[in-house]
Amino acid sequence: MARKRRKKSKKNLVVSTFVLIGVILIGVCGYFIYERFIKEDEIINPDDNDDNKPTYPTELGDVNATSKVSWNEEFNIPKESVFYQYNQDEIENYYSKIDFNLAKDVSTKEEVFTSLYNLLSNDFNKLNYDGKNSSYEGTNFTWANYVIADRDFSLSPLTQDEVNKNAWNKDVYLDILYRKDNIIFDSSLGSKGLLDREHILPKSYGFNNEGTGYQKLDAGCDLHNLKAADHKGNSTAHNNRLYDDISSLDNINEVYDPDNKSVSYYNDSYFEPPSEDKGDIARAVFYMALKYRYYEEGNEVLTEGPAIRLTDSAIKIDSTVIPSDTKDKPIEFGKLSTLLKWNEEDPVNENEMIRNNIVYNLQGNRNPFVDYPNLANLLFM
């Protein structure tokens with residue numbers, strides 16, 4: 001009898017072993033199935049609403065507006081500060097409702113224009129053209145916005161005192177258009193005819209009225225299109241000319257200052273700025289052709305806005321076009337192919353990234369072409 005019980009025990013042990021192995025195999029297979037199929041499917045098609053997740057076509061590239069300035073880590077700058085700089089996640093979240101992939105198809109490209117137009121317009125805060133601002137200390141000071149946005153932080157580093165007061169020191173270097181060397185800001189520079197508030201896309205192209213009417217319009221006060229500039233390069237060379245590469249042509253005029261070593265070229269119709277300004281100018285023009293793509297009638301909430309298009313066939317105008325003139329036929333500006341080339345030849349640099357973030361703090365909207373420089377090729381080509 002004892003011998004039979006031992007055989008039965010061995011048999012039970014073998015069965016139990018096989019059952020245990022089977023349970024382990026089932027568990028391993030179940031875990032593999034979950035990880036490989038069920039869990040992955042949850043990531044791709046989550047139960048919660050994933051419509052807010054941005055999609056970026058390969059051509060768009062990575063976000064290019066995360067400033068890596070030293071004072072990002074040196075100071076604890078609150079989001080409410082005019083000096084706050086945004087990280088990549090914050091910038092991508094700003095565009096979370098935009099499906100950029102639609103820009104790859106001609107039939108759906110206009111949807112991207114419309115979505116971005118709404119994004120840039122919804123929280124837009126019109127600033128004072130003179131640069132006076134009441135959102136930080138140093139209120140009612142002419143040029144204030146320009147001194148903050150166009151400051152060269154490499155030559156005039158941000159200080160802890162400025163962070164604490166959310167104000168700025170007035171004796172700072174400005175990175176201005178049309179000259180290589182930066183200048184110490186002085187409020188008298190404008191009255192001395194040395195410094196201008198430059199409309200990069202000239203106000204004559206759709207957003208000017210008689211007298212100082214442009215200063216009442218969103219487009220006339222848009223800080224993404226306004227920059228401190230050398231007066232001679234602005235008034236003599238740029239004026240209301242279109243942009244193009246003309247330096248190799250005959251009978252070309254130039255504006256050259258031996259003190260700053262910058263050269264601008266112009267003829268009757270076109271203006272070629274110094275090489276170091278070309279990309280910044282192109283991205284500002286792209287912004288204007290997006291933010292003011294559709295004509296808007298004036299009302300109590302929204303001031304009148306023009307409809308602007310970029311082409312290679314634009315003609316320099318010698319008169320003033322007001323917004324209502326663009327209602328049925330958008331005003332054309334260019335030269336588009338040259339601006340696209342400048343966008344690639346002179347890529348976004350640190351000063352431009354910082355400026356985009358500061359204008360966002362002041363005005364409430366960003367320039368997508370600074371954040372995603374390749375976007376210009378997707379939308380305008």
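The values are calculated or read from the model by the stated rules, or taken from the named source; none is laboratory data. This one's a predicted model, so the numbers in the text were calculated from it and none came from an experiment. We place every Cβ from the backbone using ideal geometry, glycine too, and count neighbours over all the protein chains shown. We work out accessible area using only protein heavy atoms, side chains counted, and drop any ligands, DNA or RNA first. Shrake-Rupley method; radii C 1.70, N 1.55, O 1.52, S 1.80 Å.
Before we move on, is ASP186 touching a strand residue (DSSP E or B) at 6+ places or on another chain (Cβ under 9 Å), among the acidic types (Asp, Glu), at pLDDT below 95 and open to solvent by 30 Å² or more (accessible area, probe 1.4 Å)? If you could, list the steps in order and put the result at the bottom.
On the way: touching a strand residue (DSSP E or B) at 6+ places or on another chain (Cβ under 9 Å): yes; among the acidic types (Asp, Glu): yes; at pLDDT below 95: yes; open to solvent by 30 Å² or more (accessible area, probe 1.4 Å): yes.
Yes.
How about the range 132-154: which of its residues are under 22 Å from the mean Cα position of the chain (by Cα) and either at pLDDT 90 or above or exposed (fewer than 15 other Cβ atoms within 10 Å of the Cβ) (or both)?
If we filter the range 132-154 for residues that are under 22 Å from the mean Cα position of the chain (by Cα), which is where we start, we get 133, 135, 143-154.
The answer is SER135, ASN145, TYR146, VAL147, ILE148, ALA149, ASP150, ARG151, ASP152, PHE153, SER154.
Residues to consider are SER247, SER275, SER262; find the one that is over 25 Å from the mean Cα position of the chain (by Cα), within 19 Å of ALA228 (Cα to Cα) and in contact (Cβ under 8 Å) with a residue 12 or more places away in the chain. If you could, list the steps in order and put the result at the bottom.
Details: SER247 fails: within 19 Å of ALA228 (Cα to Cα); SER275 fails: over 25 Å from the mean Cα position of the chain (by Cα).
Result: SER262 is the single residue among SER247, SER275, SER262 that is over 25 Å from the mean Cα position of the chain (by Cα), within 19 Å of ALA228 (Cα to Cα) and in contact (Cβ under 8 Å) with a residue 12 or more places away in the chain.
Could we say that PRO306 is more than 18 Å from LYS227 (Cα to Cα) and surrounded by 21 or more Cβ atoms within 10 Å (Cβ to Cβ) here? Even if it seems obvious, please write down each step before you answer.
Details: more than 18 Å from LYS227 (Cα to Cα): yes; surrounded by 21 or more Cβ atoms within 10 Å (Cβ to Cβ): yes.
Considered against the rule, which asks whether it is more than 18 Å from LYS227 (Cα to Cα) and surrounded by 21 or more Cβ atoms within 10 Å (Cβ to Cβ), PRO306 comes out as yes.
What are the residues in the range 155-183 that are within 24 Å of the chain's Cα centre (by Cα), surrounded by fewer than 20 Cβ atoms within 10 Å (Cβ to Cβ) and among the charged types (D, E, K, R), if any?
LYS180
What pairs come out if I take residues in the range 187-204 that are farther than 17 Å from TYR173 by Cβ and pair them with residues that are at pLDDT 95 or above and open to solvent by 10 Å² or more (accessible area, probe 1.4 Å) whose C-beta lies under 7 Å away, six or more apart or interchain?
GLU198/LYS227; ILE200/LYS227
Take the residues in the range 79-131 that are acidic (Asp, Glu) and open to solvent by less than 50 Å² (accessible area, probe 1.4 Å), then tell me which one is nearest to ARG197 (Cα to Cα).
Let us first name the residues in the range 79-131 that are acidic (Asp, Glu), namely 80, 89-90, 92, 99, 105, 110-111, 123, 130.
If we keep only those that are open to solvent by less than 50 Å² (accessible area, probe 1.4 Å) too, we end up with 90, 92, 130.
On the way: GLU90: 30, GLU92: 31, ASP130: 8 Å.
Residue satisfying both the conditions and the ranking: ASP130.
Restricting to the range 361-381, name every residue that is over 8 Å from the mean Cα position of the chain (by Cα), within 23 Å of LEU339 (Cα to Cα) and not small (Gly, Ala, Ser).
Filtering the range 361-381 down to residues over 8 Å from the mean Cα position of the chain (by Cα) leaves 361-365, 373-381.
From what is left, the residues that are within 23 Å of LEU339 (Cα to Cα) are 365, 373-381.
Those that are over 8 Å from the mean Cα position of the chain (by Cα), within 23 Å of LEU339 (Cα to Cα) and not small (Gly, Ala, Ser): ASN365, PRO373, ASN374, LEU375, ASN377, LEU378, LEU379, PHE380, MET381.
Count, please, the residues in the range 246-295 that happen to be modelled with pLDDT of 90 or more and within 30 Å of TYR360 (Cα to Cα).
26
Please indicate, with yes or no, whether at least one residue in the range 367-375 is within 29 Å of ILE148 (Cβ to Cβ), acidic (Asp, Glu) and at pLDDT 95 or above. Before you say what the answer is, go through the steps one by one.
If we filter the range 367-375 for residues that are within 29 Å of ILE148 (Cβ to Cβ), which is where we start, we get 367-375.
Cutting the leftovers down to acidic (Asp, Glu) gives us 371.
Filter once more, keeping what is at pLDDT 95 or above: 371.
Yes, the range 367-375 has at least one match.
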